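Okay, so here's the structure we're looking at.
The values are calculated or read from the model by the stated rules, or taken from the named source; none is laboratory data. Just so you know, these numbers come straight off a predicted model, no measurement behind them. So basically every Cβ, Gly included, is an ideal-geometry build from the backbone, and we count neighbours across all protein chains shown. The accessibility values were calculated without ligands, DNA or RNA, using every heavy atom of the protein model including side chains. Shrake-Rupley method; radii C 1.70, N 1.55, O 1.52, S 1.80 Å.
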Amino acid sequence: MITMNCKKMGKSYNNVIKLTELFSGNHPILEQPYHPMVVRFYILQTHYRSTLDFSNEALQASEKAFRRLWETYEVLKKLQLPANETAGDKQLDEQVLRLCHECANFINDDFNTAKVLANLFELSPIINSIKGGQIKIEALSAATHKLLSETFKVYLEDILGMQPLQAEQ
């Protein structure tokens, strides 16, 4: 079911929103146009069997969240692969492995994209801490770092079809 500002969406309720209106911003509830990737990301944050409520505030929050997650992905792509075969921080390495492996379980469990994205968001502070130097890259084993990079690519780009916002601007 789709709602708009917590009211069921439908022609008979006179509260529908078309994709073209989302992309152009030409709808009374919208303050701005939204990139197709932002709309896709917004939809993917909710399990397909759950109610999806369209509101300007929710779309703005999704745009901010998508930008943060994509920036983290860009950081991850630039990180140098550690040379060590063993992790410097076994507990952190195991946490990253668990979060990466859970993504496959979630996608196979009724295509639960919301939980996949939640796991990617849980991995983001680790990636950003490595970039910032709070966590040394050697804390993760080379195999875990490789799996982390593959997980982001496979789920963000290959399965969820996400692309950078600059691609269509």
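Filtering segment 154-169 to residues that are within 14 Å of Leu76 (Cβ to Cβ) and free of Cβ contacts under 8 Å to residues at least 60 places away in the same chain leaves Val154, Tyr155, Glu157. Residue count for segment 68-92 under the criterion of being over 18 Å from the mean Cα position of the chain (by Cα), under 22 Å from Val154 (Cβ atoms) and surrounded by fewer than 19 Cβ atoms within 10 Å (Cβ to Cβ): the result is 5. Do you know which of the residues in segment 140-159 that are hydrophobic (A, V, I, L, M, F, W, C) and open to solvent by less than 10 Å² (accessible area, probe 1.4 Å) is farthest from Val116 (Cα to Cα)? Checked segment 140-159; the qualifying residue farthest from Val116 (Cα to Cα) is Leu140.
Summed over segment 99-124, the residues that are in a helix (DSSP H, G or I), more than 19 Å from Ser62 (Cβ to Cβ) and either among the small types (Gly, Ala, Ser) or touching a residue at least 60 places away in the same chain (Cβ under 8 Å) (or both) give a count of 1. Under the condition of being under 15 Å from the mean Cα position of the chain (by Cα) and either open to solvent by less than 20 Å² (accessible area, probe 1.4 Å) or more than 21 Å from Glu122 (Cα to Cα) (or both), the residues counted in segment 48-67 number 4. Give segment 1-23 a look and list any residue that's polar (S, T, N, Q) and either surrounded by 13 or more Cβ atoms within 10 Å (Cβ to Cβ) or over 26 Å from the mean Cα position of the chain (by Cα) (or both), or say none. Residues satisfying the conditions are Thr3, Asn5, Ser12, Asn14, Asn15. When residues in segment 28-82 are screened for being β-branched (Val, Ile, Thr) and in a helix (DSSP H, G or I), 5 of them pass.
Of the residues that sit in segment 127-156 and are of a type in the set (A, V, I, L, M, F, W, C), assigned to a helix (DSSP H, G or I) and over 14 Å from Arg68 (Cβ atoms), which one is modelled with the lowest pLDDT?
Step one: of segment 127-156, the residues of a type in the set (A, V, I, L, M, F, W, C) are 127, 130, 135, 137, 139-140, 142-143, 147-148, 152, 154, 156.
Now restrict to residues that are assigned to a helix (DSSP H, G or I): 127, 130, 137, 139, 142-143, 147-148, 152, 154, 156.
Going one step further and asking which of them are over 14 Å from Arg68 (Cβ atoms), we end up with 130, 137, 139, 142-143, 147-148, 154.
Values: Ile130: 94, Ile137: 90, Ala139: 93, Ala142: 93, Ala143: 93, Leu147: 96, Leu148: 97, Val154: 98.
Applying the filter and picking the extreme gives Ile137.
Evaluate the following for Tyr34: is it aromatic (Phe, Trp, Tyr) and surrounded by 13 or more Cβ atoms within 10 Å (Cβ to Cβ)?
So Tyr34 fits the description; yes.
Can you go through Ile127, Ile137 and tell me which one is touching a Pro at 6+ places or on another chain (Cβ under 6 Å) and touching a residue at least 40 places away in the same chain (Cβ under 8 Å)?
Every option except Ile137 fails the conditions.
Inside segment 123-149, residues that are farther than 12 Å from Leu81 by Cβ and not hydrophobic (A, V, I, L, M, F, W, C) make up a count of 9.
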